[in-house]
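**Q** I am attaching a structure below and will ask some questions about it afterwards.
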Amino acid sequence: MTDIEKAREWLQKMRDWLSTFDGMPQGADFYIDYNRNDPSNAGLHSNGLIPVEQMDDNIGNIFLSYQLNFALHVVLPKIPDEDSLSSENAAFILAFQRWVIRQSAQGKTPRYGDIDLEDERTRAQNGALYTLPDDGAALYAVTISVNFKEIIKEDE
């Protein structure tokens, strides 16, 4: 599998899993690397792959640890100075982050590595109102991070 194919697989795997969150707005469109400005759509955006650690063994294998980052952008209805929608949107962000944390603790998140799968962790953090245009919609953003490991065998 090429690196491009692997990256596409990572994005699709994350989008498919996030779509199972029962708090996601009903009928919302869910894009990759895109959002519309109207309410009730979500976009999953690549936010970088960070090498965390590298170890080699005595037979030429390389063990890599990564942090894979995504940004989930959700466009929700919002009217300036209207508290009930603001409270509902803030509750959505907190509930979503809690769901991700609990899914990870229960081992129900997608797997990205090829070794030590039981040690993989998925986190959702920094959920917040991102932009508030004047058109009755607001963009909320949550950072999603996955820590995983892979092995590059000496003969690859």
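**Q** When each pair of different Cα atoms in the stretch 1-84 is counted once in the 1/r mean, what is the Kirkwood radius in angstroms, to one decimal?
**A** This gives a value of 15.5 Å.
**Q** What 222 nm value per residue comes from the helices of the chain, counting each DSSP H run with n ≥ 4 as -39,500 (n - 2.57) and dividing by all residues, nearest 500 deg cm²/dmol?
**A** Computed ellipticity for the chain at 222 nm equals -8500 deg cm²/dmol.
**Q** For the stretch 3-152, what is the convex hull volume of the alpha-carbon atoms per residue, in Å³?
**A** Cα convex hull per residue, to the nearest whole number: 103 Å³.
**Q** Can you tell me the dipole magnitude for the chain around its Cα centre, using point charges on the Cβ only (Lys, Arg +1; Asp, Glu -1), in Debye to the nearest 20?
**A** 380 debye
**Q** While we're here: Please state, as a whole number in µm²/s, the translational diffusion coefficient that the Stokes-Einstein equation yields for the stretch 66-156 at 4 °C and 1.567 mPa s, with Rh defined as the Kirkwood radius across alpha carbon pairs.
**A** The estimated diffusion coefficient comes to 87 µm²/s.
**Q** Per residue of the stretch 119-132, what does 6.51 cos²θ - 1.76 cosθ + 1.60 with θ = phi - 60° give for ³J(HN,Hα)? Whole Hz please, x for Gly and Pro, Karplus curve as stated.
**A** For the stretch 119-132, the Karplus-derived couplings read 8, 5, 9, 10, 10, 10, 8, 6, x, 6, 5, 9, 9, 9 Hz, x marking Gly and Pro.
**Q** Using a Gaussian network model of the chain with C-alpha springs under 10 Å, which one of Gly127, Gly113, Gly27 is most mobile by mean-square fluctuation?
**A** Gly27
**Q** So, one more: Taking Rh as the Kirkwood radius, which is the inverse of the mean 1/r over Cα pairs, what is the Rg/Rh value for the stretch 95-145?
**A** Rounded to two decimals, Rg over Rh is 1.16.
**Q** If neighbour count is taken as other Cβ atoms inside 10 Å, put Phe21, Phe70 in order from fewest to most.
**A** Result, fewest neighbours first: Phe21, Phe70.
**Q** Over the chain, what is the percentage of antiparallel beta bridges among all DSSP beta bridges, to the nearest 5?
**A** Counting DSSP beta bridges with both partners in the chain, the antiparallel share is about 90 percent.
Every number in this text was worked out from the coordinates using simple rules, so none of it is lab data. These numbers come from a predicted model, not from an experiment. Glycine also receives a Cβ, built like all others from the backbone with ideal geometry; neighbour counts cover every protein chain displayed.
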